[in-house]
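Please treat every number below as a calculation from the coordinates, not as lab data. Because the structure is predicted, anything quoted here is derived from the model rather than measured. FYI the Cβ positions are ideal-geometry reconstructions off the backbone, even for glycines, and counts take in every protein chain you see.
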Amino acid sequence: MNTDTVRPAVTELRLSAFKTHRGVTLPLTRLTLLSGESGSGKSSALQAYEILARLGSGEPLARAVGEVAGSPAACVPAGARPDEQGRRGFRIGCTVDGPAGPVSLDLAVQAEPELRIVGERLTGGGETLLTTALTDPNRPTVQAAWHTAGATPVTRAPLPDDRLGTSLLPLRVAGKTEGQRLVLAAAEQVVVALRSAFVCDPRPEVMRGVGTGGTGGAEQDGGCGADGAGGAGRGAGARRSGRGAGSGAGPGKPGGAGGAAGAWGARKRMGSGGGEAGSWGRDTEGSRGEGRLRSSCDNLPAVLERTSQECARRHAVLVAAVREACAGPVEGLRAVPRQAGGTGCGAADAAGVAGQDGSSGPQAGAVGVRAVLDRGALGELPVEQLGDGELRFLALALVLLTGPEVLAMDPVGEVPSAHQQMTVMADGMDRCMDPRQARELVSLALRMTDRGHVRLLGTVRDPSVAEGLPGVQVLHLGV
């Protein structure tokens, strides 16, 4: 079976006019690493992908752009001049391969003076399946036309100018004609691929400052060197608001099928919530209760407690990977009760762990759990005492070994997990790590992506960490 045709995946990212990029097309394989000098546009490429993914998940344009890039104006290419109406914007797109064949999505977004999607085009199967255009600047809508191939060749209707029209098509198209069925298949393929994305940026500072279930509100840019600022993945503290009306407009709703990686979490389900629960690393009651790993990985101990119990085989793989990356012996990795006032338990632990829902910890006097390494004769070492590189390695390895039901994301519940593959986006994948650790992480990613359930798009400062590893594509930006 050719899994690439069964599981929809983004195979090309187009940065037609976005930040430092003009006319750039990035082919994406199962494991793609972006390298280049500072300012070459590595992080902004991931930001463009995340904007598309958020729109595919049904988020309004203002949230999709604002939370990723800081402000809409920041997405406009440098030097872009406004037209006679003072309008400036950016253009991004992607190609998604899957059962419907290659399907292309391209967006034109007006960033100034008012944020709105002014043009969208969906093509596939040799047809233009959807086009939208801004016809009346005074109305918050665009005029949409989609392929029908029936008695009426094209159906026209207004769509909101702050939503991805492609994600709305399953609610508008009846699927009675062959043309309509092609539109539905293409739209659902794009939405499944875009929603199956998890942005991961482990933040050692918040991983140390908060135990299980913490808010992650102390999120900071920077850390671990110059590449720490401005990454595509923001911490959990930046993503806590609800999704808002109209989200979840795509064909899938949260709370269905098992993890795409076929790993941990198969026995636990998120309840349906119309797009509200636990997506994009939001600190929701569901994500705390289910032990779902947030983007900043600030709740890693709680997730380790869950995953170590649910799949001993995958946990053993995680321990073996950590053993290769960490200095000193590593015989095990587990979560243990954290006692109030215990050594190494800071004020943030006591405040942010226990009283989240009014319940007590797993033992009397406990305030959640902490993760520890078993060092054999050297005793136990709390993971928060590891170096920044070791902490980031542990968190990223855990992400690669899990699936959507363990990660705080919004999987497409109405599509079988066997027909999905998750894309992990890791900005600064080798940040804080020495070459040996970074290469071990890339090797682990290669093993997992070879299974066909997970893809990886990451950025690295040192492309040599992938030298000699077949199956790793390194794209050098700014050359």
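Where in region 28-60 does the amide nitrogen come within less than 20 Å of the point 7 Å from the Cα of Thr141, taken along Cα to Cβ? Residues passing the 20 Å test: 60.
On full extension, the segment bounded by Arg323 and Val6 gains 110.6 nm, given 0.36 nm per residue less the C-alpha separation. FRET efficiency for the Ser443 to Leu171 pair, using the beta carbon distance and R₀ = 56 Å, is estimated at 0.80.
On the principal axes of its alpha-carbon atoms, region 3-197 has extents of 52, 45, 24 Å, going from largest to smallest. The 3J(HN,Hα) values that the Karplus relation (6.51, -1.76, 1.60; θ = phi - 60°) gives for region 192-209 are, in residue order, 4, 5, 5, 6, 8, 10, 10, 8, 10, 9, x, 10, x, 5, 7, 5, 7, x Hz. Gly and Pro appear as x. Among 94-106, 314-326, 39-51, 77-89, sorting by the average number of other beta carbon atoms lying within 10 angstrom of each residue, highest first, gives 39-51, 94-106, 314-326, 77-89. Our coupling estimate for region 39-56, obtained by passing each phi through the Karplus curve with A = 6.51, B = -1.76, C = 1.60 and θ = phi - 60°, is x, 7, x, 5, 5, 5, 5, 5, 5, 4, 4, 5, 4, 4, 5, 5, 5, x Hz, Gly and Pro reported as x. Going 7 Å from the Cα of Thr20 along its beta-carbon direction, which residues of region 76-96 have the amide nitrogen within less than 13 Å of the resulting point? Of the residues in region 76-96, 78 have backbone N under 13 Å from the label point off Thr20.
Here's how it looks for Gly119: its modeled amide H is under 5 Å from those of Ala108, which are all 5 or more places away or on a different chain. The amide H of Leu31, built 1.01 Å from its N in the peptide plane, has Leu456, Gln473 as neighbours under 5 Å, considering only residues 5 or more places off or on other chains. Model label sites at Ala74 and Glu331, defined 7 Å from Cα along the beta-carbon direction, differ in position by 4.7 nm. Please work out the FRET efficiency for the pair Leu381 and Asp450, using the Cβ-Cβ distance as r and a Förster radius of 41 Å; give the result to the nearest 0.05. My answer for the efficiency is 0.80.
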